[in-house]
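**Student:** Quick one: the structure is below, questions incoming.
The values are calculated or read from the model by the stated rules, or taken from the named source; none is laboratory data. Just so we're clear, the structure is a prediction, and the values are computed from it rather than from any experiment. Don't worry about glycine lacking a Cβ; one is built from the backbone with ideal geometry, like all the others, and counts go over all protein chains shown. Side chains included, ligands, DNA and RNA excluded: accessible areas come from the protein's heavy atoms. Shrake-Rupley method; radii C 1.70, N 1.55, O 1.52, S 1.80 Å.
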Amino acid sequence: MTTNLKSLLGDEASYLLDYQAKVSKDLLHLPSPDWINRIFVNSDRSPQVLRSLQQLYGHGRLANTGYLSILPVDQGIEHSAGASFAPNLIYFDPENIVKLAIAAGCNAVTTTLGVLGMTSRQYAHQIPFIVKLNHNELLTYPNQFDQIMFASVEQAWNLGAVAVGATIYFGSEQSTRQIQEVSQAFALAHKYGMATILWCYLRNNAFKQDKDYHLSADLTGQANHLGVTIEADIIKQKLPENNGGYNVIGEISSYGKTDQRIYSELTTEHPIDLTRYQVLNCYCGRASLINSGGTSGENDLVDAVRTAVINKRAGGAGLISGRKTFQKPFEEGVKLFHAIQDVYLSEDVAIA
């Protein structure tokens, strides 16, 4: 594994595999086989929620490691079905989405109410289902950027889901409403015995300055912290690519609050340090941080493995990988998932 991994990472191999993080791993709650007992038994989560969490963490190739590998396919709404599935027509048929997750040994599949509702009786007992409750539809003209509810918690429970997912566009004009909607939905999901996963994304044109600060460690870290505040059990976040969003936007107008020690003592420019700051904001890892795989490109295998290495070494708990997998031929998608999972199974990739 090490030789192949170093080959994939190329010139970045030592930079990513040998780096020691600025903030000690001793502060973190790191993924482990006893994750549910160690983290959630003393929480307010009910026995039914604990059972649902165990189903998530206890399935697939990463079963009972504390790590997660999830297939997400809500792109049929977020990016239009045509744009998402034209590269691979088989995924217009929702059954193939579920089949890919099963063949790839994923912990779970997360997708729309329609996809899981159409396949639930055949597959709900074969792989954990996660229903994505809200989406940003892009058919309205002009395009709007707002997460609206497409499904209810009750519908998710009825089709056999073990968890619900939702997105909040933190920083957007609609974020206050979205926070309230999702908080209420998550409380109801916990009442029904389901786990909760939050896409903690940023959305505001002001975040695009000299760099795209939608990917800033300080801003995404705060989004994560708001996510765990409304009791998301698992946080999904984009891998950070820069830092200092608070500083740059604060120069334009009064905005938020920060502390310069975030930049001088808690982080560096290294991606592992930036991602560790995201983990810190997930209650020091008590809520699992899973990073997104990003868009599909020319070097998907390398990019996915690189992201997995950064996430794992930072103290994260896995990847949620969509377009890099389902926009390829079926077997190539399975292969890419296995490459990601191998990073988390490898003892050679240690926590920094």
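**Student:** Tell me, what ³J(HN,Hα) does each residue in the stretch 197-211 have, in order and in whole Hz, if you take phi through Karplus 6.51 cos²θ - 1.76 cosθ + 1.60 with θ = phi - 60° and put x for Gly and Pro?
**Tutor:** 10, 10, 7, 8, 9, 9, 7, 6, 4, 5, 6, 9, 10, 5, 10
**Student:** Over 10 Å intervals from 0, what percent of Cα-Cα pairs in the chain sits in each interval?
**Tutor:** Going from the shortest bin to the longest, the percentages are 6, 26, 36, 25, 6, 0.
**Student:** Moving on to the next point. Applying a 10 Å radius around every beta-carbon, put 337-345, 73-81, 315-323 in order of their mean neighbour count, most first.
**Tutor:** Ranked by mean Cβ neighbours within 10 Å, highest first: 315-323, 337-345, 73-81.
**Student:** Over the stretch 226-352, consider all pairs of different Cα atoms and compute the Kirkwood hydrodynamic radius from their mean reciprocal separation; express it in Å, one decimal.
**Tutor:** Evaluated on the stretch 226-352, it is 15.8 Å.
**Student:** Could you work out [θ]222 nm for the chain from helices alone, using -39500 (n - 2.57) per DSSP H run of at least four and dividing by all its residues? Round to the nearest 500 deg cm²/dmol.
**Tutor:** The helix contribution divided over the chain gives -12000 deg cm²/dmol.
**Student:** Also, quick follow-up: Let me know the shape class of the stretch 264-331, please: from the alpha-carbon gyration tensor, a ≥ b ≥ c as square roots of the eigenvalues, rounded when a/c is under 1.5, otherwise prolate if a/b is greater than b/c, or oblate.
**Tutor:** Prolate, because a/c is 1.5 or more and a/b exceeds b/c.
**Student:** Under a point spin-label approximation (7 Å from Cα along Cα-to-Cβ), what is the residue 299-residue 95 distance to one decimal in nm?
**Tutor:** It works out to 3.9 nm between the two label points.
**Student:** By the gyration tensor of its Cα atoms, with a ≥ b ≥ c the square roots of the eigenvalues, what is the shape of the stretch 1-102: rounded for a/c under 1.5, prolate for a/b over b/c, or oblate?
**Tutor:** Cα axes put the stretch 1-102 in the oblate bin.
**Student:** Same structure again: Once the piece of chain linking residue 351 and residue 46 is laid out straight, how much longer is it, given 0.36 nm per residue of separation minus the C-alpha distance between them?
**Tutor:** Extending this stretch completely gives an extra 106.7 nm.
**Student:** Using a Cα-Cα cut-off of under 21 Å, which lysines could be cross-linked to residue 191, ignoring same-chain neighbours fewer than 8 residues away?
**Tutor:** Cross-link targets: 132.
**Student:** Continuing with this model, one more query. Hey, any idea what % of the chain's accessible area is carbon plus sulfur with a 1.4 Å probe?
**Tutor:** Looking at the chain in its full context, I get 50 percent from C and S.
**Student:** I've got another one for you. Using a 7 Å offset from the Cα along the Cα-to-Cβ direction at both residue 63 and residue 229, what is the distance between the two label points in nm, to one decimal?
**Tutor:** Roughly 3.9 nm, to one decimal.
**Student:** Using a 7 Å offset from the Cα along the Cα-to-Cβ direction at both residue 265 and residue 11, what is the distance between the two label points in nm, to one decimal?
**Tutor:** So the two model labels end up 3.5 nm from each other.
**Student:** Hey, can you grab everything whose amide H is under 5 Å from the amide H of residue 111? Only 5+ residues off in sequence or another chain; H modelled, so Pro and N-termini drop out.
**Tutor:** For residue 111, whose amide H was placed from the backbone, the distant partners under 5 Å are 73, 130, 132.
**Student:** Then there's this: Note down the net charge around residue 238, summing +1 for each Lys or Arg and -1 for each Asp or Glu among other residues with Cβ under 12 Å from its Cβ.
**Tutor:** The answer is 0.
**Student:** Further question on the same structure: For residue 351, what charge total do you get from the other residues with a beta carbon under 9 Å from its beta carbon, if Lys and Arg give +1 and Asp and Glu give -1?
**Tutor:** Summing Lys/Arg as +1 and Asp/Glu as -1 gives +3.
**Student:** Give the shape of the stretch 137-288 as rounded, prolate or oblate, defined through the alpha-carbon gyration tensor: a ≥ b ≥ c are the square roots of its eigenvalues, a/c under 1.5 means rounded, and otherwise the shape is prolate if a/b is larger than b/c and oblate if not.
**Tutor:** oblate
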